[in-house]
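Colleague: I have a structure I would like to understand better, so I am pasting it below and will then ask my questions one at a time.
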Amino acid sequence: MLANRAPNGRKSTNHRLVLDGIFWITRTGSPWRDLPEEFGKWSSVYRQFRRWTLAGLWEDILDALNQSGAVPDALQMVDSTVIRAHHQAAGAKRGTPRQGFGRSRGGFTTKIHLRVNAHGLPIRTEITPGQTSDYLGFDLVMVDNLPEPKVLLADRGYDADRIRKDMENRDILTEIPMRKTRKMRVGVDHALYRLRNMVERCFNKLKNARRVATRYDKTAESFLGYIDITSIRIWLRHLST
């Protein structure tokens, strides 16, 4: 998989080798300068990673996998997890909130919002500052340009009248436990709700990539890029087996 030779006569780029280098960084969490020489010059691989990330390539691939119909999507789940940020991740331009940093009980953190299908495969990922409520994250991952579920599972952190009403208008059955403070109780199908563990399993798989388990990146684009790259690899591993 070689790029066309540049007009200036430079040697064409082996994109497969570049991808392998990006995968290596994602999995190990190593600094870019520690990239082994067999993957090429670290600065060149990094520049290509940034180009593809800013162009939205990873999100486009993830959307294409979800639109392919290769996996049933009638049952879906949403959840979030808080990721601790390394101290070297601070200092990006435009300030920390715009880059998805915040302060929560875990300290300097970023929150990953995740939507998965019944096979535990990522459908959409988004990031917000660590203290952001799940209500806002729900709106980010439940965009309507992706396959709609028939049934949606979520924990009681998503128990809000607005969310229930929105899903009802979209003809989506929600299975969300109610908060203890609610006077009017609505039951859930516990046999169906037990399947929500698939989203927890997906988080575990995502965190096998050290660039996801700990945030080292100053920019939101790069960190979300690593999450989407890991999501794509989870999809490909599932489809190949």
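The values are calculated or read from the model by the stated rules, or taken from the named source; none is laboratory data. Treat the numbers as computed from the prediction; the structure is a model and nothing was measured. Cβ atoms come from the backbone with ideal geometry, glycine included; neighbour counts cover every protein chain shown. The accessibility values were calculated without ligands, DNA or RNA, using every heavy atom of the protein model including side chains. Shrake-Rupley method; radii C 1.70, N 1.55, O 1.52, S 1.80 Å.
Colleague: Please go through the range 139-168 and pick out each residue that is charged (D, E, K, R) and either touching a Pro at 6+ places or on another chain (Cβ under 8 Å) or over 29 Å from ALA70 (Cα atoms) (or both).
Modeller: We begin by selecting, within the range 139-168, every residue charged (D, E, K, R); these are 139, 144, 148, 150, 155-156, 159, 161-162, 164-166, 168.
Selection gives ASP155, ARG156, ASP159, ASP161, ARG162, LYS165.
Colleague: Hey, among THR214, THR219, which residue is touching a strand residue (DSSP E or B) at 6+ places or on another chain (Cβ under 7 Å), open to solvent by 20 Å² or more (accessible area, probe 1.4 Å) and not acidic (Asp, Glu)?
Modeller: On the way: THR219 fails: touching a strand residue (DSSP E or B) at 6+ places or on another chain (Cβ under 7 Å).
Answer to the check: THR214.
Colleague: Sticking with this one: In the range 24-36, how many residues are open to solvent by 50 Å² or more (accessible area, probe 1.4 Å) and either part of a helix (DSSP H, G or I) or at positive phi (or both)? Steps first, answer last, please.
Modeller: Initial filter on the range 24-36 (open to solvent by 50 Å² or more (accessible area, probe 1.4 Å)): 24, 27, 31, 33-34.
The next check asks that each one be either part of a helix (DSSP H, G or I) or at positive phi (or both); those that pass are 24, 27, 33-34.
Residues in the range 24-36 being open to solvent by 50 Å² or more (accessible area, probe 1.4 Å) and either part of a helix (DSSP H, G or I) or at positive phi (or both): 4 in total.
Colleague: Further question on the same structure: Take LEU136 and tell me if it is outside any loop (DSSP other than H, G, I, E, B) and either within 26 Å of GLN67 (Cβ to Cβ) or not hydrophobic (A, V, I, L, M, F, W, C) (or both). Explain how you work it out, then say what you get.
Modeller: On the way: outside any loop (DSSP other than H, G, I, E, B): yes; either within 26 Å of GLN67 (Cβ to Cβ) or not hydrophobic (A, V, I, L, M, F, W, C) (or both): yes.
The answer is yes for LEU136.
Colleague: With a cut-off of at least 3 residues that are of a type outside the set (Asp, Glu) and at pLDDT below 95, name the helices (runs of 4 or more DSSP H) lying wholly within the range 139-217. Can you show your working first?
Modeller: Details: elements: 161-169, 190-193, 197-206, 210-213.
In the range 139-217, the matching helices (runs of 4 or more DSSP H) lie at 161-169, 190-193.
Colleague: Hey, among the residues in the range 197-206 that are touching a residue at least 24 places away in the same chain (Cβ under 8 Å) and open to solvent by 60 Å² or more (accessible area, probe 1.4 Å), which one's farthest from GLN76 (Cα to Cα)? Full working, then the answer.
Modeller: Step one: of the range 197-206, the residues touching a residue at least 24 places away in the same chain (Cβ under 8 Å) are 198-203, 205-206.
Adding the requirement that they be open to solvent by 60 Å² or more (accessible area, probe 1.4 Å) leaves 200-201, 205.
Numbers: GLU200: 13, ARG201: 14, LYS205: 17 Å.
Only one residue fits best here, namely LYS205.
Colleague: Could you tell me which numbered condition ASP161 fails, if it satisfies all but one of (1) open to solvent by less than 90 Å² (accessible area, probe 1.4 Å); (2) out of contact with any helix residue (DSSP H, G or I) (no Cβ under 7 Å at 6 or more places or on another chain); (3) of a type in the set (Asp, Glu)?
Modeller: Here ASP161 meets the rest and fails (1).
Colleague: Note down all Cβ pairs under 7 Å where the first residue falls in the range 174-196 and is at negative phi and of a type outside the set (S, T, N, Q), the second is open to solvent by 100 Å² or more (accessible area, probe 1.4 Å) and not in a loop (DSSP other than H, G, I, E, B), and they're at least six residues apart or on different chains.
Modeller: From residues that are at negative phi and of a type outside the set (S, T, N, Q), the pairs are ILE176/ARG156; PRO177/ARG156; MET178/ARG156; ARG179/ARG156.
Colleague: Here's something else I'd like to know. I need every pair where a residue in the range 141-169 that is hydroxyl-bearing (Ser, Thr, Tyr) has its Cβ under 6 Å from the Cβ of a residue that is not in a loop (DSSP other than H, G, I, E, B), sequence separation at least 6 or different chains.
Modeller: Pairs that qualify, where the first residue is hydroxyl-bearing (Ser, Thr, Tyr) and the partner is not in a loop (DSSP other than H, G, I, E, B), are TYR158/ASP134; TYR158/PHE138.
Colleague: Restricting the search to the range 122-150, which residues are in contact with a Ser or Thr (Cβ under 8 Å, 6 or more places away or on another chain) and of a type outside the set (Gly, Ala, Ser)? Walk me through how you get there before you give the answer.
Modeller: First, the residues of the range 122-150 that are in contact with a Ser or Thr (Cβ under 8 Å, 6 or more places away or on another chain): 122, 125, 127-131, 134, 136-137, 140-141.
Those that are in contact with a Ser or Thr (Cβ under 8 Å, 6 or more places away or on another chain) and of a type outside the set (Gly, Ala, Ser): PRO122, THR125, ILE127, THR128, PRO129, GLN131, ASP134, LEU136, LEU140, VAL141.
Colleague: Mind listing just one residue for me: the one in the range 223-241 that is of a type in the set (Gly, Ala, Ser) and modelled with pLDDT of 95 or more and, of those, nearest to VAL18 (Cα to Cα)?
Modeller: So in the range 223-241, the residues of a type in the set (Gly, Ala, Ser) come out as 225, 231, 240.
Now restrict to residues that are modelled with pLDDT of 95 or more: 225, 231.
Working: GLY225: 15, SER231: 18 Å.
If we take residues in the range 223-241 being of a type in the set (Gly, Ala, Ser) and modelled with pLDDT of 95 or more, then GLY225 is nearest to VAL18 (Cα to Cα).
Colleague: So SER231 fits all but one of (1) over 22 Å from GLY102 (Cα atoms); (2) open to solvent by 30 Å² or more (accessible area, probe 1.4 Å); (3) touching a strand residue (DSSP E or B) at 6+ places or on another chain (Cβ under 8 Å); what number is the exception?
Modeller: Going through the list (1) over 22 Å from GLY102 (Cα atoms); (2) open to solvent by 30 Å² or more (accessible area, probe 1.4 Å); (3) touching a strand residue (DSSP E or B) at 6+ places or on another chain (Cβ under 8 Å), SER231 breaks only (2).
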